[in-house]
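Following: one structure in structure tokens, then a few remarks.
The values are calculated or read from the model by the stated rules, or taken from the named source; none is laboratory data. Predicted, not measured: the structure shown is a model, and the values here were computed from it. All Cβ positions, glycine included, derive from the backbone under ideal geometry; neighbour counts span all protein chains shown. Side chains are part of the model used for accessible areas, which takes the heavy atoms of the whole protein and leaves out ligands, DNA and RNA. Shrake-Rupley method; radii C 1.70, N 1.55, O 1.52, S 1.80 Å.
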Amino acid sequence: MIAKLITVCVKLVQSVIRKLDPARVAETCPQVPLSTCFGFDRGTPIDRYYIENFYREQGALMRGEVLEVGDSSYSRQFSRGEVSSFRVLQHAALGEGGEAIIGDLTDPASLPAAAFDCFICAQTLQYTFEVQKAVAGAAYLLKPGGVMLATVPGISQISRFDADRYGEYWRFTTDSMARLFQPVFGDEVTIASCGNLYAATAFLRGAAQEDLPDRALLDAVDADYPLIITVVARKAG
């Protein structure tokens with residue numbers, strides 16, 4: 001009975017907190033987030049601001065044979081080049097019709113060799129323990145001159161849904177991404193960080209973009225508070 005009462009009280013507090021100004025959450029109840037699912041239940045997660053801006057900016061590189069992890073949403077939304085096919089890489093037979101390739105980035109034997117001009121890998125590598133093998137697998141997929149467009153988390157909460165199903169192993173920095181990608185792709189790697197203290201704090205509290213007084217507050221870049229790391233890596237021709 002006591003446990004049930006505590007559960008009800010916690011849910012009541014959370015419902016009240018979700019209605020508060022996100023800027024005051026830390027002062028009112030620092031242990032209770034606005035959202036435990038990255039702000040999806042409030043609107044658009046803050047990290048998507050950086051992820052979508054990155055793929056929008058790189059849209060011209062999405063051309064030819066394009067492969068994307070999970071689904072083809074970013075490639076279809078942001079491609080500006082001439083795309084001959086949109087394909088999807090998945091670990092289970094849940095693909096979009098005939099688009100899905102069932103494979104494992106850490107196992108080249110499960111992947112088609114030199115088959116794609118562009119590989120979009122958004123928020124994926126943190127769920128792969130053998131991350132060095134996954135980067136090598138991504139290069140294996142690409143044609144000579146092909147490009148990988150990747151995003152990974154820097155400062156972030158755990159995705160409990162994914163962690164319980166696949167495991168969640170990593171958070172990254174620009175230094176760690178350079179150490180992972182440069183041995184595979186050489187000098188053809190551009191790595192950048194996105195975010196600042198305001199963005200990181202709001203994201204960890206569970207605020208959504210719609211909660212913010214001005215989304216321009218997300219634009220400043222502070223390398224000491226990386227929310228998202230972006231990678232453009234080109235395979236040698």
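Numerical summary
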item	result
Test for Gly237: is it closer than 24 Å to Leu67 by Cα and outside any loop (DSSP other than H, G, I, E, B)	no
Qualifying residue in the range 138-151 (condition: open to solvent by 10 Å² or more (accessible area, probe 1.4 Å), charged (D, E, K, R), in contact (Cβ under 8 Å) with a residue 40 or more places away in the chain and under 21 Å from Phe54 (Cα atoms))	no
Wholly within the range 1-115, helices (runs of 4 or more DSSP H) carrying at least 1 residues that are at pLDDT 95 or above and touching an Asp or Glu at 6+ places or on another chain (Cβ under 6 Å)	73-78
Residues being of a type outside the set (D, E, K, R), in contact with a helix residue (DSSP H, G or I) (Cβ under 7 Å, 6 or more places away or on another chain) and crowded, with 17+ Cβ neighbours inside 10 Å - total across the range 160-197	9
Residue satisfying condition, being within 23 Å of Leu227 (Cα to Cα) and surrounded by fewer than 20 Cβ atoms within 10 Å (Cβ to Cβ), within set Arg56, Arg80	Arg56
Matching residues, the range 212-228, being out of contact with any Asp or Glu (no Cβ under 7 Å at 6 or more places or on another chain) and open to solvent by less than 40 Å² (accessible area, probe 1.4 Å)	Leu212, Leu218, Pro226
The range 189-212 residues that are of a type in the set (S, T, N, Q), paired with ones that are buried (at least 19 other Cβ atoms within 10 Å of the Cβ) and in a helix (DSSP H, G or I) (beta carbon under 7 Å, 6 or more apart)	Gln209/Ile46; Gln209/Tyr49
Residue count for the range 115-133, restricted to those that are open to solvent by 50 Å² or more (accessible area, probe 1.4 Å) and either touching a His at 6+ places or on another chain (Cβ under 6 Å) or not aromatic (Phe, Trp, Tyr) (or both)	3
Checking Ile228 against (1) in contact with a helix residue (DSSP H, G or I) (Cβ under 9 Å, 6 or more places away or on another chain); (2) without any contact (Cβ under 8 Å) to a residue 60 or more places away in the chain; (3) of a type in the set (Val, Ile, Thr), the condition it does not meet	(2)
